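Colleague: Shown below is the structure under consideration.
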Amino acid sequence: MTGLVSAVVEAWDELRIHKVRVLLALVGVAVAVCAITGITAAAQMLTQTVREQSERDGGRDLTLTVNLYPAGATEAPPPAAAYVDAYRDLVERYEVEYASLDMWTQLPVRLPEGRMLVEGQVVEADYGVIHRVQPVQGRWFTDGDAALYAPTVVVNETFLRMLGATDLSVPPTVLLGGDEPVLATVVGVVADRWSQESPRAFVLHAQYERWQLAASAEEMGWNIPSLRIWVPPAMGDEVTDAVRRDLAAAVPGTQVDVWPSTADFSVLDGGARWVVLGIGAFTLLLGGLGLLNISLVTVRYRIREIGIRRSFGATSGRVFFGVLMESVVATVVAGAVGVVLAVAILSAVPFEVVLGTPLQEPPPFPVSAAVTGMVCATAVGALAGLVPAVVAVRVKVIDAIRY
Amino acid sequence: MALLELTDVTRSVRLPDDRMLHVLRGVTLTVDAGEHVSVVGRSGTGKSTLLNILGLLDAPTTGSYVLDGIPIGRLSARARSRRRGEDFGFVFQQFNLLPGRTALENVAAPLMYARGRAFWRRMRLAEEMLGRVGLGDRVDTMPDKLSGGEQQRVAIARALVRRPRVILADEPTGALDVETGAEVMGLLDDIAAQTDAALIAITHDLSVAARAQRRYRLADGVLTPLVEAPVGHRTEWVGDVPTAVAP
């Protein structure tokens, strides 16, 4: 135990005394570890950003979108309410935690500019979870909103502007519906998806039905919503089969389509991953060669010192281990500096600004990449220290003292 | 039982032209604990080789070396290194202090190879030893800021910090002026006596050799007792031979 500790202490002392040459030798190693860790972390950030953006459109992994269509023309298709009931039975039977109806429609609204039809999306509260909806003002729907007597709406920024409001400090209201409009309260605002987007609004399906908010009675009766359910990816196929089977049985004469929203979100995989790792490994190799070079030169300068240490009782094994440890300790320190540097850079870079979107779930710091970088740095240190260590052991003590 | 015992030791090296150079020839020497022995000889007579063999830095070509009852030839290289660290303290002519380290770090350096309490308490032990050689106020000074005499004191403290049983001094005053040399030798004598360590000094300075209880002369690899000068005479080099000279 004392032997190991004293060897590490000795190595640390050597590094402290020769810090300038150590610093010079280790810049490459620190940069390589920083690059490996930093690039991996940045790639994970990018992957998460792509994932979240993708999930805002298609739903979280794995979201199944269920569409029902009347099949065959011989009999009159059932009303939309029948499909909605079938959906609800399905969700209840399988105890699906996150599910939402989803239907696009034209909502009649009365704005200061006059009565107009705006793009409306009829949903349920879980839609916000499934599609990672992040209001820029106010809030998304809660389950309690469906029970409120007066409807609540979430609108986009254009809609809010057209209402003549700039924020929700005093919640604006808007008249919704056709011949018998109802006053709805704006509880949240989402960002426009692109510049000069048309006004659009989300309303809850329960409120849509209660207040008959469609542009016409015909649309109210025949516009069939989709169902979005968020299920564990591993259960995707099983749930898809069950949904097809159960809904076909529940609403005879109906075609059931189920679409999964899967996508490969990995930005850094396959060839790209190997290229990044290759660049990191090459940088590490260059750092190691620099270290080897400087260590060799230093050992030659330190022959006398090695001889003196042998006179103190240092065994050849201890001299070998000591020189090797110097290199290893140095690269471990450099690796740690590289990781700290990567953390500092990642903390300083405003990813939300660079990537243009806030991250709901920022990925954790890639500990595995940091550990890999550290292990590689240590291995390079050991390899770079091997040759100088052999040279140090071969020094003849008597000659060394007189060197 | 003698602390160390060389019997009929030779040391030969093969020269590049394949001839054999006999550095030591039939050297026999016995040293007891606490004894002060000096070996005088001109340059190139084999003094340092003898010191290296005594300090386990080199091995005899023939003959036996018994240290504390143990034949050294039977020890592994590792065991020899350990015994060297534990039993011997070296004082070199050029001090051989480690550059870039303070006086304290230099004195503590041998304790890096000690085990147990000696390793963990190395800084305190080194500080105590520096105090004993009168450098308690220079612990944080770098060697290049110390005078020659002070550097040799640091070297002495370093040689003694592991409480060796034998101090091997190779021309300990060779790089010092006469006055400082005498002062350093006095210190070395005192501390060796206090710690009951044997002191073997190899020198070409007859005044340094004169401080020893037993004195030897090494010439052409042959070790012979130095003849005592008659009372009232002093010993001086006459050619290659230390000779009693009337005042």
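Throughout, read-outs are computed from the coordinates displayed, never taken from laboratory work. Note that the coordinates shown come from a computational prediction; the quantities given were computed from them, not determined experimentally. A quick note on method: Cβ atoms are made from the backbone with ideal geometry, for glycine too, and the neighbour counts reach across all protein chains shown.
Colleague: Using a/c under 1.5 as the rounded threshold, could you call the stretch A:266-387 rounded, prolate or oblate? The axes a ≥ b ≥ c are square roots of the C-alpha gyration tensor eigenvalues, and prolate needs a/b larger than b/c, oblate otherwise. Don't jump to the answer; show the numbers that get you there.
Modeller: Details: a/c = 3.41, a/b = 2.70, b/c = 1.26.
Taking the square roots of the gyration eigenvalues as a ≥ b ≥ c, the stretch A:266-387 is prolate.
Colleague: About its Cα centre, what dipole magnitude does chain A give when the only charges are +1 on Lys and Arg Cβ and -1 on Asp and Glu Cβ, stated in debye to the nearest 20? Working shown, then result.
Modeller: Numbers: 29 positive and 41 negative charges, 744 e Å.
So the magnitude is around 3580 debye.
Colleague: Oh, and also: Taking amide hydrogens as modeled 1.01 Å from N in the peptide plane, which residues meet the under 5 Å criterion relative to B:Asp32, leaving out close sequence neighbours?
Modeller: Sorted by chain and number, the residues that satisfy this are B:Leu3.
Colleague: Let me know the shape class of the protein assembly as shown, please: from the alpha-carbon gyration tensor, a ≥ b ≥ c as square roots of the eigenvalues, rounded when a/c is under 1.5, otherwise prolate if a/b is greater than b/c, or oblate.
Modeller: Judged from the Cα gyration tensor, the protein assembly as shown comes out prolate (a/c at least 1.5, a/b above b/c).
Colleague: Using only alpha-carbon positions, what ratio does the radius of gyration of the stretch B:4-245 give when scaled by 2.2 N^0.38 Å? Mind showing how you got there, number by number?
Modeller: On the way: Rg = 18.1 Å, N = 242, 2.2 N^0.38 = 17.7 Å.
Against the empirical 2.2 N^0.38 Å value, I get 1.02 for the stretch B:4-245.
Colleague: Below 8 Å, C-alpha to C-alpha, sequence gap of six or more: please give me the relative contact order for chain A in percent.
Modeller: Values: 680 pairs, mean separation 118.7, N = 403.
Dividing the mean separation by the residue count of chain A yields 29 percent.
Colleague: What ranking do A:Ile303, A:Ile308 get, fewest neighbouring Cβ atoms within 10 angstrom at the top? Don't jump to the answer; show the numbers that get you there.
Modeller: Details: A:Ile303 17, A:Ile308 24.
With the sparsest Cβ surroundings first, the list reads A:Ile303, A:Ile308.
Colleague: Which of rounded, prolate or oblate describes the stretch B:3-79 when judged by the alpha-carbon gyration tensor and an a/c cut-off of 1.5? Walk me through the numbers before you get to the answer.
Modeller: Numbers: a/c = 2.16, a/b = 1.33, b/c = 1.63.
Oblate, because a/c is 1.5 or more while a/b does not exceed b/c.
Colleague: Can you spot the lysines whose alpha carbon is less than 23 Å from A:Lys19's alpha carbon? Ignore those fewer than 8 places along the same chain.
Modeller: B:Lys145
Colleague: Which value, in debye to the nearest 20, gives the size of the charge dipole of the stretch A:1-148 about its Cα centre, when Lys and Arg are +1 and Asp and Glu are -1 at the Cβ?
Modeller: On the way: 12 positive and 20 negative charges, 165 e Å.
The dipole magnitude comes to about 800 debye.
Colleague: Test of the criteria: in the stretch A:21-95, which GluC sites (Glu not before Pro) are in a DSSP loop and have at most 13 other Cβ atoms within 10 angstrom of their Cβ?
Modeller: On the way: sites: A:Glu52, A:Glu55, A:Glu75, A:Glu92, A:Glu95; in loops: A:Glu75, A:Glu95.
Filter output for the stretch A:21-95: A:Glu75, A:Glu95.
Colleague: Got a sec? Charge dipole of chain A, +1 on Cβ for Lys and Arg, -1 for Asp and Glu; which of A:Gly278, A:Val353, A:Gln48 is way out at the positive end?
Modeller: So the residue furthest toward the plus end is A:Gly278.
Colleague: Which cross-chain or sequence-distant (5 or more) residues have an amide H under 5 Å from the amide H of A:Tyr98, H modelled 1.01 Å from N in plane?
Modeller: A:Trp230
Colleague: If you plug each phi of the stretch A:199-212 into the Karplus form 6.51 cos²θ - 1.76 cosθ + 1.60 with θ = phi - 60°, what whole-Hz ³J(HN,Hα) values come out, in order, with x for Gly and Pro?
Modeller: Along the stretch A:199-212, the couplings run x, 8, 8, 9, 10, 7, 4, 4, 5, 4, 6, 4, 9, 6 Hz.
Colleague: Less than 16 Å apart at the alpha-carbon level, and either on another chain or at least 8 residues along: which aspartates and glutamates does that give for B:Lys47?
Modeller: Hits, sequence-local ones excluded: A:Asp399, B:Asp8, B:Asp58, B:Asp170, B:Glu171, B:Asp205, B:Asp220, B:Asp240.
Colleague: With θ set to phi - 60° and the Karplus curve 6.51 cos²θ - 1.76 cosθ + 1.60, what are the ³J(HN,Hα) couplings of the stretch A:297-306 in order, to the nearest whole Hz, using x for Gly and Pro?
Modeller: Each residue's phi maps through the Karplus curve to give 4, 5, 4, 5, 5, 9, 4, 4, 4, 4 Hz.
Colleague: Defining a contact as two alpha carbons under 8 Å apart and six or more residues distant in sequence, what relative contact order in percent does the stretch B:4-245 show? Please list the in-between numbers first.
Modeller: Details: 469 pairs, mean separation 65.3, N = 242.
About 27 percent, as a whole number.
Colleague: Same structure again: Can you tell which of A:Pro233, A:Pro350, A:Pro363 shows the greatest fluctuation in a Gaussian network model of chain A with Cα springs below 10 Å?
Modeller: A:Pro350
Colleague: Using amide H atoms built in the peptide plane, which far-off residues or other-chain residues are under 5 Å from B:Ala210 H to H?
Modeller: Those qualifying (amide H under 5 Å, at least 5 residues apart or on another chain) number zero.
Colleague: Please sort by residue number the chymotrypsin sites (Phe, Trp or Tyr not before Pro) in the stretch A:122-193 whose DSSP state is loop and whose Cβ has at most 13 other Cβ atoms within 10 Å.
Modeller: Here the chymotrypsin sites (Phe, Trp or Tyr not before Pro) that fit, given the DSSP loop and packing criteria, are A:Tyr149.
Colleague: Same structure again: How many partner chain Cβ atoms sit within 10 Å of a residue's Cβ in peptide A:312-323, on average, as a whole number?
Modeller: Working: counts 16, 16, 8, 10, 3, 3, 6, 1, 0, 0, 1, 0.
Per-residue shielding by partner chains comes out at 5.
Colleague: If the only charges are +1 at each Lys and Arg Cβ and -1 at each Asp and Glu Cβ, what is the size of the charge dipole of the stretch B:4-245 around the Cα centre, to the nearest 20 debye?
Modeller: On the way: 31 positive and 30 negative charges, 211 e Å.
Computed about the Cα centre, the dipole is about 1020 debye.
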